[in-house]
Amino acid sequence: MKTESLKKFTNTSYPEVYTIDGQYVATDGHIIVLTNAPGDADACPLPGKIKTYFLSLREEALKNPPTGAFPATPQKTIQTECRDCRRKMCDDCDGAGSTTCSECGQDVKCDTCDGEGYLPDHVCPKCGGGGMTEYPESVFIDGQKFDGRYIQIINEALSDVKCNVRTFDESAVLFFTGKMEGDEAWGVLMPLRW
């Protein structure tokens with residue numbers, strides 16, 4: 001299995017894929033996914049403290065595999081500011097969104113930034129440089145709120161998914177298991193803060 005297969009689980013432009021005991025693991029801080037596919041040389045070994053945490057998560061998931069049904073991807077979406085866009089201040093209006101008309105002296109909407117005050121620093125593939133994206137609505141499972149984007153990613157990447165909300169290390173987390181490209185995979189998704 002290639003590291004690119006695991007990178008789809010992370011929700012950032014800079015996902016991290018490591019190896020742990022010869023297997024792949026991916027994380028972006030909100031989700032942790034491990035597969036039993038053997039790792040290769042293009043992934044780094046997991047650092048010490050994090051490795052201990054991952055190993056205890058894996059042990060918990062293997063000892064008590066999740067059995068509950070995994071939720072469907074939410075159909076309702078919300079529009080939100082793109083997290084992957086880097087924006088810069090408009091040079092023509094200095095971030096004000098308006099400029100002074102040379103003919104009448106009144107403030108008018110800046111044509112360069114369309115009155116926003118900021119422009120994309122690069123064209124992001126998620127939003128095309130528009131700065132806004134649509135994401136699936138959050139999902140509630142056993143009283144905990146989870147990011148709908150991760151629910152969608154898990155549904156698209158894994159088959160036969162099972163899950164349970166459990167307390168681990170004094171925090172409620174969503175344990176899940178499934179199959180990815182024929183390999184067993186398990187993971188943990190952190191809930192959203194209220």
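The values are calculated or read from the model by the stated rules, or taken from the named source; none is laboratory data. Owing to the predicted nature of the structure, the values given are computational and were not obtained by experimental measurement. Just the protein is used for accessible areas: all its heavy atoms, side chains included, with ligands, DNA and RNA removed. Shrake-Rupley method; radii C 1.70, N 1.55, O 1.52, S 1.80 Å.
Okay, here's what the table says:
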item	result
Rg/Rg_globular for the range 105-190, with Rg_globular taken as 2.2 N^0.38 Å and Rg from C-alpha atoms	1.69
Quotient of Cα Rg and 2.2 N^0.38 Å for the range 44-194, N being how many residues it contains	1.50
Long-range HN-HN contacts of residue 124 with modeled amide H, under 5 Å	129
Volume of the Cα convex hull of the range 76-117, divided per residue and given in Å³	86 Å³
Residue-level accessible surface for residue 53, protein heavy atoms, 1.4 Å, Å²	70 Å²
Whole-Hz ³J(HN,Hα) from phi, Karplus 6.51 cos²θ - 1.76 cosθ + 1.60, for the range 156-163, glycine and proline x	7, 9, 10, 10, 6, 7, 10, 8
Karplus (6.51, -1.76, 1.60) ³J(HN,Hα), θ = phi - 60°, over the range 57-62, in Hz, Gly and Pro reported as x	5, 4, 4, 4, 5, 6
